[in-house]
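Working notes, structure below.
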Amino acid sequence: MSSTNEFQRLLALSDYDLDYASLETQFADLANLAAKVAGSQVSLVNLIDNYTQWSVAAAGLSTLQMDRQDAVCNYTIMGVEALEVKDLSQDERFQDKFYVKGDPNLRYYWGTPLTNPDGYNLGALCIMDTDQKELSPEKIELIQLIGKEIVNRLEILKSMKQMQEDIKGLKNDKKKVAHDIRGPLAGIVGLAEIIQHQGNQGNLEDVLEFILLIQKSGKSLLELADQIMKDEDQYLKGLHSNLFNLQSLKEKLQDLYGAQARQKNIQLRVVATNDYSEIKFPKTKLLQIIGNIISNALKFTQENGIVKVNLQLEQIANNFNLIIEVEDNGVGISSEKIKEIISGEASSSEGTQGESGFGFGLNLVKYLIDGLKGSLQIESKVGEFTRFTVKIPVV
């Protein structure tokens with residue numbers, strides 16, 4: 001994958017504006033279905049950003065997150081075809097990974113890219129096992145269809161977010177948007193029927209219960225689209241779920257990035273001021289911006305270090321700015337590197353524990369901040385600290 005395509009891939013993923021910690025209920029049935037079809041112990045629905053592989057749904061394992069460089073799916077998203085590794089312990093890329101050398105001692109891997117309609121790989125659907133396996137062409141076709149279903153659901157989530165963000169236009173465009181949503185939703189129901197038909201032919205009776213769940217889910221979503229067309233007010237009640245206040249943003253950041261900090265034995269302290277605690281503001285792109293900065297801080301902070309995140313609202317006349325300050329006591333950034341980041345031309349560096357960088361995390365941050373008409377300041381002293389201060393108009 002070229003560097004240009006990788007940056008565009010990250011932009012495409014950021015357009016979905018996903019909260020990775022809240023997606024399990026959306027995709028758990030599909031992870032279970034993939035494992036049933038393959039007859040495998042483990043199946044994962046993985047989304048991959050600049051730093052992290054987020055397993056947003058899993059069968060056979062708890063949902064987890066890991067450094068992107070450690071993930072087999074990182075190789076899957078670099079291609080257009082499925083990737084199969086017969087024995088991870090015999091592949092020099094993976095034989096020393098923790099999930100191969102230790103519990104759960106995985107050996108077999110098969111993964112297919114989750115490719116969106118614009119051709120960008122957002123992540124991968126994979127099945128894994130402690131024993132080597134042979135997947136029939138019929139089972140491979142079924143698993144790839146499940147992967148397409150995952151992308152359909154991501155498209156639905158994206159459409160709904162766009163609808164929420166453009167509330168003023170919704171009054172005039174609600175019928176068109178609902179019609180657009182009905183397309184992929186109808187595809188879900190049709191896909192389930194195809195899989196059920198093929199499942200019957202292949203005597204995969206144990207997957208039919210999951211198929212029926214998908215059909216029921218798809219039909220429920222079709223009914224929701226119909227309701228949007230009939231009753232705008234009912235839909236708008238859900239708009240509050242797309243808002244943060246300082247406390248809920250603090251809790252979400254702790255939930256998403258606390259595990260990364262613990263894995264590296266770093267203290268992650270997130271503090272929100274009590275001022276304007278009742279004020280709510282849109283979630284749009286905030287997790288992508290703050291998450292990338294926190295991940296970068298964790299990458300360049302030594303073990304036993306500290307990453308501090310301060311959140312506050314600043315009132316100017318009748319408007320509010322969200323101020324985000326992320327400070328670490330890590331390796332620091334040179335003045336030349338700061339200039340590269342501010343200009344959007346930063347390149348990758350290796351982390352304190354040898355983590356590979358993919359070069360675009362802070363470039364993406366700058367791009368998203370500019371898109372929200374915000375500002376970015378960076379202060380640093382090499383060997384002592386780095387402080388990112390982001391200011392974004394939110395209300």
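Odds and ends about this structure:
- Under 10 Å, Cβ to Cβ, from F388 - net charge with Lys/Arg +1 and Asp/Glu -1: -3
- Only one residue of L372, G258, P282 has its Cα farthest out toward the positive end of the dipole of the stretch 245-393, where Lys and Arg carry +1 and Asp and Glu -1 on Cβ, and that residue is P282.
- Computing FRET efficiency as 1/(1 + (r/R0)^6) for E92 and Q69, where r is the C-beta to C-beta distance and R0 is 22 Å, gives about 0.95.
- Segment M78-S22, length gained on full extension (0.36 nm per residue, minus Cα span): 17.6 nm
- In a fully extended conformation the segment linking S136 and N304 would gain 55.7 nm over its present Cα-Cα distance, using 0.36 nm per residue.
- 32 Å Cα-Cα threshold exceeded, pairs from K97/K280; K250/K299; K148/K264; K97/K148; K36/K264: K97/K280; K148/K264; K36/K264
- Whole-Å semi-axes of the stretch 11-68's equivalent ellipsoid (Cα gyration tensor): 21, 12, 9
- Protection proxy ranking, peptides 322-328, 244-250, average beta carbon neighbours within 10 Å, highest first: 322-328, 244-250
- Counted residue by residue at 0.36 nm each, then reduced by the alpha carbon distance between them, the extension gain from D255 to S334 reaches 25.4 nm.
- In this structure the amide hydrogen of V270, modeled in the peptide plane, comes within under 5 Å of the amide hydrogens of V309, none closer than 5 places in sequence on its chain.
- Taking packing as the residue-averaged number of other Cβ atoms within 10 angstrom, the listed peptides 131-142, 70-81 run from highest to lowest as 70-81, 131-142.
- Largest-first principal axis extents, alpha carbons of the stretch 42-140, Å: 37, 33, 25
- Relative contact order, percent, the stretch 245-393 [alpha-carbon distance under 8 Å, six or more residues apart]: 23 percent
- Think of each Lys and Arg Cβ as +1 and each Asp and Glu Cβ as -1; about the Cα centre, that makes the dipole of the stretch 48-130 roughly 100 debye.
- Long-range amide H partners of F320 with built H, under 5 Å: V394, V395
All of the numbers you see were taken from the coordinates with simple rules; none came from a lab. What you see is a predicted model, and the numbers here were worked out from it, not measured in a lab. With ideal geometry, Cβ positions are generated from the backbone for all residues, glycine too; neighbour counts draw on all protein chains shown.
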